[in-house]
Amino acid sequence: MPATAVAGRLVLAMAARTDLDIDAVDEFVMAVDLALATCPPGEVRLEARIVDAGLEVVLGPVDPDRLANREPLLASLVDQVELQGEQVALRAGV
């Protein structure tokens, strides 16, 4: 199963336990898919956490150049986008 399919299901399951509305959840899933598209082929690590009333996903490794091209769109979909070395953190509702 592709990482995007697993990630989308994980985000939806975790988001159900937050105060995010359906539009924010949908945008968060899109942002995770966009960020995953910046990962080079191979193993991808994804961590999801409920933070306060929102959600945080950290995934990687990402290609920083490809991520930079998508960062404006990512920033329009989630509250925070933060590059952390070879990983990116996406946050909504925090």
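What follows draws every value from the coordinates through simple rules; no lab data is involved. Quick caveat: nothing in here was measured; it's all calculated off a predicted structure. Note that we place each Cβ from the backbone using ideal geometry, even for glycine, and neighbour counts take in every protein chain shown.
In table form, for the structure just shown:
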| quantity | calculated |
| --- | --- |
| Filter result for the condition that a residue is more than 14 Å from residue 90 (Cβ to Cβ) and either surrounded by 14 or more Cβ atoms within 10 Å (Cβ to Cβ) or of a type in the set (D, E, K, R) (or both), over 19, 33 | 19 |
| Condition check for residue 54: at positive phi and touching a Leu at 6+ places or on another chain (Cβ under 7 Å) | no |
| Residues satisfying the stated conditions in segment 13-23, i.e. in contact with a strand residue (DSSP E or B) (Cβ under 9 Å, 6 or more places away or on another chain) and farther than 13 Å from residue 57 by Cβ | 17, 19 |
| Segment 58-87 residues that are under 17 Å from residue 11 (Cβ atoms), paired with ones that are of a type outside the set (D, E, K, R) and assigned to a loop (DSSP other than H, G, I, E, B) (beta carbon under 6 Å, 6 or more apart) | 62/38; 62/39 |
